[in-house]
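Worksheet for the structure shown next.
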Amino acid sequence: MAGTPRAHLLTTGTAEDYRRVLAEGIDRVGTRIARTDRPFTGVSPAALAPAVAAVDLDRPLADATAALDELEEVYLRDAVYFHHPRYLAHLNCPVVIPALLGEAVLTAVNSSLDTWDQSAGGTLIERRLIDWTARRIGLGPAADGVFTSGGSQSNLQALLLAREEACARNPAPRRELLPRLRVLTSAAGHFSVQKAATLLGLDADAVRTVPTDADRRMCPDALHAELTRCQRDGHIVMAVVATAGTTDFGSIDPLDAIADRCAAAGARLHVDAAYGCGLLVSPTRRHLLAGIERADSVTVDYHKSFFQPVSSSALLVRDGQVLRHATYHADYLNPAPRASGEQLPNQVDKSLQTTRRFDALKLWLTLRMMGPDAVGELFDEVIDRADGAWRLLAGDPRFEVVTRPTLSTVVFRYLPPAPAGHLADDANRHARRALAASGAAVVAGTRVDGRQYLKFTLLNPETTLDDVAHVVDLIAGHADRYVGERAAAVAPCPVG
Ligand SMILES: *Cc1c(COP(=O)(O)O)cnc(C)c1O
């Protein structure tokens, strides 16, 4: 790019360059997206690393065109493309165009949502979306919340607030309280709960696992038993974390029954709806979240089931006052309010982050250009597809399926013919690797009760049942070949 370093700054004088360079980048990506014929090239880290290592970061290229040419080689060509209908692996959604428009606007204007004096209207837009989400959940008039970088951070903040509430309500000194604090979640809950507990200085065994039923939903009676046990042992349950859409199974804990047990025991209820939050806008399945309105706090990941680009998440709380536990005042940033002075809305008072992206703009433009029903219809469609995939697998003798999906994941495994049963774990692992290496499709793997399983996470309405059937056949093919080769390798000498 010719000219002085200042020519690269987006300023009054360079708006035209900004238009041209961004248009070129968008054009590249548009071409790449349109031409993608498989979700992944199957490239290995070893094959790709030399190209990345060879880039001389101290010697810039001539212009955007050269930089984009290079980027094709080190990134765009081999990236994993979630918009491809045979990407079936993790909780990554294809993204809606209105949100991409929001992303382009928010990075260029570059508002920072920590204080009013760095964002102005951005703060008001984020607050509207927090109110909108809280109302969809049904959290009541005192609700509040804040956008976060993701579900892990939302869960961390929820548990921070829970810890502080538990300490505030209990007169004992903090150092005596901390080792007594417990968090109850199901065996299918997200690992970020455990991570958060560690970060919050809780005991290594502070997170207690509540058993699930056959559909991988927390058992309310088991929760009751654990609450009683904690009370008997002098432990303080600072939060029960229910999951509305478990990462592996898409199962939704029985929220109403759990809320009953929490209310009886005086325990805070946090609902991790990182995955299931899309039901908030579903025209046909909102009832699956019944009881979520009784939560003290809720995690939502718009970047999972609202078809938003990473990152876009929020933590909502029933009582906005609890957010004060995240408040610190810095004289240079958000000085403590004076009795007389006007108090500006500073979102940093509610957040674990300081400088913070205006992610809310993506959801704003999505709602303004599509409306909530359209988003919910997309989520409904992938849930329907998952049910179709379940039928397909449940009726296929080559496979075993764990549970019928409530949301859009299907956990299953290939079953080798009887004498090769002991090869099941290896065959499933192999099939997943071989599939990814071929680039024909990407599926996830997980372990259930100590055995290796495969997982479809369906978040792309473009994925048809034919795509699913095709991938199922590819998996069976890879697994069959693996079992055949292994069986041949260990076969005894032919008799006669
Ligand atoms: C994905 C997920 C999380 C973590 O969210 P990130 O945005 O990846 O940090 C938490 N809980 C559940 C149930 C999830 O599925």
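Read-outs: derived from the displayed coordinates by stated rules, not from any lab. Here the structure is a predicted model, which is why all the values come from computation and not from measurement. Note that we place each Cβ from the backbone using ideal geometry, even for glycine, and neighbour counts take in every protein chain shown.
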Percent of C-alpha pairs per 20 Å bin, the chain, short to long: 20, 49, 27, 3, 0, 0
Estimated distance in nm for a label pair at E16 and H83, the labels positioned 7 Å out from Cα along Cα-to-Cβ: 3.0 nm
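For region 27-129, rounded, prolate or oblate, judged on the Cα gyration tensor with a ≥ b ≥ c (square roots of eigenvalues), a/c < 1.5 rounded, else prolate if a/b > b/c? Let's see the in-between values first.
On the way: a/c = 2.37, a/b = 1.46, b/c = 1.62.
It is oblate, given that a/c is not under 1.5 and a/b is not larger than b/c.
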Region 411-438 versus region 379-394: alpha-carbon centroid distance in Å: 22 Å
Region 269-428: relative contact order as a whole-number percent, Cα under 8 Å and 6+ apart: 19 percent
Karplus-derived 3J(HN,Hα), 6.51/-1.76/1.60, for each residue of region 292-301, Hz, glycine and proline x: 5, 5, 8, 5, 7, 8, 9, 9, 10, 10
Translational D in µm²/s for region 374-490 (Stokes-Einstein at 37 °C, 0.692 mPa s, Kirkwood Rh from C-alpha pairs): 226 µm²/s
Interchain or long-range residues, amide H under 5 Å from G145's placed H: V317
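Please report the net charge: other residues with Cβ closer than 11 Å to the Cβ of L156, K and R +1, D and E -1.
Values: positive: R163, K195; negative: none.
With Lys, Arg at +1 and Asp, Glu at -1, the net is +2.
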Gain upon complete extension [R338, D426; 0.36 nm per residue less C-alpha separation]: 25.1 nm
Full-extension gain in nm, A330 to E70, via 0.36 nm per residue minus C-alpha separation: 89.2 nm
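In a shell of Cβ-Cβ distance under 14 Å around Q347, excluding Q347 itself, what net charge do Lys and Arg (+1) and Asp and Glu (-1) give? Mind showing how you got there, number by number?
Working: positive: R127, R128, R324, K350, R356, R357; negative: D114, D117, E126, D131, D144, D349, D359.
Combined, the nearby Lys, Arg, Asp and Glu give -1.
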Most to least packed among 218-224, 292-298 [average Cβ atoms within 10 Å]: 292-298, 218-224
Difference of contour (0.36 nm per residue) and Cα-Cα distance, V310 to W132: 62.1 nm
Value of relative contact order over the chain, rounded to a whole percent, pairs C-alpha under 8 Å and six or more apart: 20 percent
Residues D63 and D473, FRET efficiency given R0 of 45 Å [Cβ-Cβ distance, rounded to 0.05]: 0.45
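In a shell of Cβ-Cβ distance under 13 Å around A168, excluding A168 itself, what net charge do Lys and Arg (+1) and Asp and Glu (-1) give?
Values: positive: R163, R169, R174, R268, R324; negative: E164, E165, D319.
Around A168, the charge tally is +2.
As a check on your grasp of the helix formula, calculate [θ] at 222 nm for the chain: sum -39500 (n - 2.57) over DSSP H runs of n ≥ 4, divide by the residue count, round to the nearest 500. All intermediate terms of the calculation are to be shown ahead of the outcome.
Details: 15 runs with 201 residues, N = 496.
That comes out to -13000 deg cm²/dmol.
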Cα gyration tensor, region 115-177 - rounded (a/c under 1.5), prolate or oblate: prolate
Region 112-227 pair-distance distribution - Cα-Cα, 10 Å bins, rounded %: 12, 30, 35, 19, 4, 0
Residues R286 and Q321, FRET efficiency given R0 of 30 Å [Cβ-Cβ distance, rounded to 0.05]: 0.60
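With a/c under 1.5 counting as rounded, go ahead and sort region 262-347 into rounded, prolate or oblate using the C-alpha gyration tensor (a ≥ b ≥ c being the square roots of the eigenvalues; past the cut-off, prolate if a/b is larger than b/c, else oblate). Mind showing how you got there, number by number?
Working: a/c = 2.92, a/b = 1.64, b/c = 1.78.
Oblate, because a/c is 1.5 or more while a/b does not exceed b/c.
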Relative contact order of region 374-490, defined on C-alpha pairs under 8 angstrom at six or more residues apart (%): 28 percent
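Report the FRET efficiency, 1/(1 + (r/R0)^6), for A108 and A489, where r is their Cβ-Cβ distance and R0 is 60 Å, rounded to 0.05.
Details: r = 59 Å, r/R0 = 0.98.
That gives a FRET efficiency of 0.55.
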Segments 80-90, 454-464 sorted - mean Cβ within 10 Å per residue, highest first: 454-464, 80-90
Alpha-carbon centroids, region 167-183 and region 262-336: separation in whole Å: 24 Å
Overall dimensions of region 306-389 as given by Cα atoms, namely Rg and Dmax in Å: 18.5, 62
